[in-house]
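The next block holds one structure in the form of structure tokens; read it before the comments.
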Amino acid sequence: GGGEEDKKRKALRKEIGLLEHQVGELCDVLRDVIDATKAQVQKKQSRTQEELAKEMENEMGDDEPESSSSEDEGEKPIYNPKKVPLDWTGKPIPYWLYKLHGLNLEFKCEICGNFSYWGPRAFERHFQEWRHAHGMRCLKVPNTRAFHNITKIQDALDLFERLQTEKKKVHFNAEVEEEYEDAAGNVLSKKTFHDLLRQGLL
């Protein structure tokens with residue numbers, strides 16, 4: 001009885017862990033959609049009662065003919081010569097805001113297949129996203145904090161190799177590093193201690 005219950009519990013824990021991992025991965029993939037949804041909800045919540053009523057009127061009155069000036073506005077293409085991103089209303093964001101957030105700066109990541117990220121925020125965030133994680137998996141390199149801000153494939157491979165060699169150095173080598181103390185209080189390496197012991201000098 002007890003062994004079977006333990007097996008069931010382990011299987012259940014494993015299944016729950018797998019589901020939690022899948023949900024986490026899904027959240028990473030949908031991060032932009034989730035953030036955009038939150039921003040939209042916050043904007044709606046910040047509107048006044050009059051603005052909400054006007055918006056509902058516009059949605060319901062779409063069938064009704066509008067004045068010619070508003071028709072012209074709707075049909076006229078948006079003037080956006082600098083290719084500034086659009087805000088949630090579909091209009092270009094102010095240029096000063098575009099520059100403030102560094103959205104004019106392009107960051108390319110070779111690990112992500114030379115994908116371009118616009119602005120430092122998007123660039124920083126991409127290291128935890130699926131595209132970068134997939135690129136690192138293809139290189140057989142763990143996507144850890146040590147590899148943050150590494151965008152070149154060769155740099156990632158070199159750093160991984162260096163970390164591996166440092167890890168090997170850290171391992172304790174008993175033959176060389178283990179120390180013994182003789183009766184007189186002298187500290188000797190393991191090899192020297194055993195050589196002297198065999199010769200009967202200790």
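The values are calculated or read from the model by the stated rules, or taken from the named source; none is laboratory data. Just so we're clear, the structure is a prediction, and the values are computed from it rather than from any experiment. Note: ideal-geometry Cβ built from the backbone for every residue, glycine included; neighbour counts use all protein chains shown. For accessibility, only protein heavy atoms count, side chains too; no ligands or nucleic acids. Shrake-Rupley method; radii C 1.70, N 1.55, O 1.52, S 1.80 Å.
In table form, for the structure just shown:
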item: Cysteines (scope the chain) whose Cβ has no counterpart Cys Cβ under 4.7 Å; result: Cys27, Cys138
item: Degrees separating the helix 2-29 axis from the principal Cα axis of the chain, which is the longest one; result: 50 degrees
item: Mean-position separation - Cα centroids, region 125-174 and region 98-123, in angstrom; result: 21 Å
item: Accessible-area composition of the chain, carbon plus sulfur, in percent [1.4 Å probe]; result: 56 percent
item: Rounded, prolate or oblate (a/c below 1.5 giving rounded, otherwise prolate when a/b exceeds b/c) for the chain by Cα gyration tensor; result: prolate
item: Too-long pairs where the Cα-Cα distance tops 27 Å, listed order kept, from Lys10/Lys167; Lys38/Lys91; Lys43/Lys99; result: Lys10/Lys167
item: Note, ³J(HN,Hα) from phi for region 177-184, Karplus 6.51, -1.76, 1.60, rounded to Hz, x at Gly and Pro; result: 9, 5, 10, 10, 10, 8, 4, 7
item: Check: the chain dipole with +1 on Lys, Arg Cβ and -1 on Asp, Glu Cβ, in debye; result: 1080 debye
item: Calculated FRET efficiency for the pair Lys140/Arg198, C-beta based, R₀ 45 Å, to 0.05; result: 0.45
item: Among Glu124, Glu51, Glu166, residue whose mean-square fluctuation peaks in a GNM of the chain (springs only between Cα atoms under 10 Å); result: Glu51
item: 10 Å binning of all Cα-Cα separations within region 118-202, expressed as whole percents from 0 upward; result: 14, 29, 15, 12, 14, 12, 4, 0
item: Per residue accessible area of region 104-180, 1.4 Å probe, in Å²; result: 71 Å²
item: Positive-end residue, the chain charge dipole about Cα centroid, Cβ charges, pick of Gly102, Gly185, Val29; result: Gly185
item: Rounded if a/c under 1.5, otherwise prolate or oblate - region 90-163, Cα gyration tensor axes; result: prolate
item: GNM top mover of Thr37, Thr192, Thr144 - the chain, alpha-carbon springs below 10 Å; result: Thr192
